[in-house]
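Novice: Dropping the structure in here first, questions after.
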Amino acid sequence: MANLVGYPGPSAGDTTKVFTTQDNPLGMRGFDAAGNEYIFLKGVASLAAGDWVTYNPATGVTVRAPAATTNGMLAVAIAAPVAGQFGWFQIFGLTPTYTAITTDAAADGKTLTIGSGTAGRASTGPVTTKNVFGAVGVGASASNIGTAFICYPFAFGTATI
């Protein structure tokens, strides 16, 4: 559990909490004590903690990635707010070890991609259709989860390296 800096207690600032009411303005940003940055957004159906989403910073609406048509800003769900709920999504820093990444054992430093794979999951390597700019795998991953370093990640068009 990480509390955002500047909050008096864990209720509004607990990044692992699912909010049933909109306790913070959509698009509000905050940092935890480790310097990771989060944005407060709406949940989406079938979301799991660690899933990747695209989001509209103006409306706070999220869409579960990936898809070949994924475009826009990306974030990692820290909790699992489903449709009608709200939560904090990470946009900067070292993601939790439960981040949904399909990878090999040597993911360290590899580019992450979004494509037509499992919903909510990014991948390493050239097996998908679109690179995630501002994200890189960190360390070894197993069982389709791992860690990434993200810096305001996004994807657009059919951009690949």
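The values are calculated or read from the model by the stated rules, or taken from the named source; none is laboratory data. On a predicted model such as this, the values are computed, not experimentally measured, just so you know. Glycine gets a Cβ as well: all are built from the backbone with ideal geometry, and neighbour counts include every protein chain shown.
Novice: Before we move on, is THR54 among the polar types (S, T, N, Q) and either in contact with a helix residue (DSSP H, G or I) (Cβ under 6 Å, 6 or more places away or on another chain) or within 18 Å of LEU26 (Cα to Cα) (or both)?
Specialist: Details: among the polar types (S, T, N, Q): yes; either in contact with a helix residue (DSSP H, G or I) (Cβ under 6 Å, 6 or more places away or on another chain) or within 18 Å of LEU26 (Cα to Cα) (or both): yes.
So THR54 passes the test.
Novice: Now for a different question. Being touching a strand residue (DSSP E or B) at 6+ places or on another chain (Cβ under 6 Å) and part of a loop (DSSP other than H, G, I, E, B) is the filter; apply it to segment 89-106 and report the residue that is modelled with the lowest pLDDT.
Specialist: Step by step, filter segment 89-106, then rank; the result is ALA105.
Novice: Of all residues in segment 32-61, how many are modelled with pLDDT under 90 and not in a loop (DSSP other than H, G, I, E, B)?
Specialist: 1
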